[in-house]
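What follows is a short report on a single structure.
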Amino acid sequence: MCWVATRLRPWVGAVPSIHVRPPTEDEARWTVAGGLVRFEVESCNDRRECPAGHGHWRQAGSDLRSFVQWVLAGRAVPFRLPVLYSGGYSFHDGDHVWAGAWTAPQYIDAAADFARWLHRANVLREESKARWLERKRRDRPTAAHRR
């Protein structure tokens, strides 16, 4: 089931739903204006601090007919977006926060792979830092050596 709204309501994004826009002079079809997302990874200039880059959920565009076809074929599925450390959800569109959205299974897999890679990179960085601090502590001259 997917709820469809022509205006953003508090429940849009809290339940499996999308926000749609009716046809206009520029767009002859109904358009999915919110609730369809994809996961993307952007590289970062500071490879030491974020070697994995930055992973983000982004709004994906579609016409309503294609979206319905994707849902019926299982190519778009409802997905509960992860909660960030700050307590908010990882996707918002302007002032509207999406707790859940529709996405392709491969984007769910990509986000999970990125999270695992990021976790592993953080563990390795912390282990490296701990080894460096241990070497620094061990190599520090003792009081007897300073005399």
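The values are calculated or read from the model by the stated rules, or taken from the named source; none is laboratory data. All figures in this text were calculated on a predicted structure; none of them were measured in a lab. Using ideal geometry, Cβ is built from the backbone for each residue, glycine included, and neighbour counts are taken over all protein chains shown. Heads up: the accessible areas ignore ligands, DNA and RNA and are worked out on the full protein's heavy atoms, side chains in. Shrake-Rupley method; radii C 1.70, N 1.55, O 1.52, S 1.80 Å.
Before moving on, here are some points about what is shown:
Residues checked against (1) of a type in the set (Gly, Ala, Ser); (2) closer than 23 Å to Ala110 by Cα; (3) in contact (Cβ under 8 Å) with a residue 60 or more places away in the chain:
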{"position": "Cys2", "(1), (2), (3)": "no, no, yes"}
{"position": "Arg7", "(1), (2), (3)": "no, no, no"}
{"position": "Pro10", "(1), (2), (3)": "no, no, no"}
{"position": "Gly34", "(1), (2), (3)": "yes, yes, yes"}
{"position": "Gly53", "(1), (2), (3)": "yes, yes, no"}
{"position": "Trp57", "(1), (2), (3)": "no, yes, no"}
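- Just one residue in the set Leu8, Leu36 is modelled with pLDDT of 90 or more and open to solvent by 30 Å² or more (accessible area, probe 1.4 Å); that residue is Leu8.
- Every residue from segment 76-95 that is more than 14 Å from Gln106 (Cα to Cα) and either at pLDDT 85 or above or part of a strand (DSSP E or B) (or both): Arg80, Leu81, Val83, Tyr89, His92, Asp93
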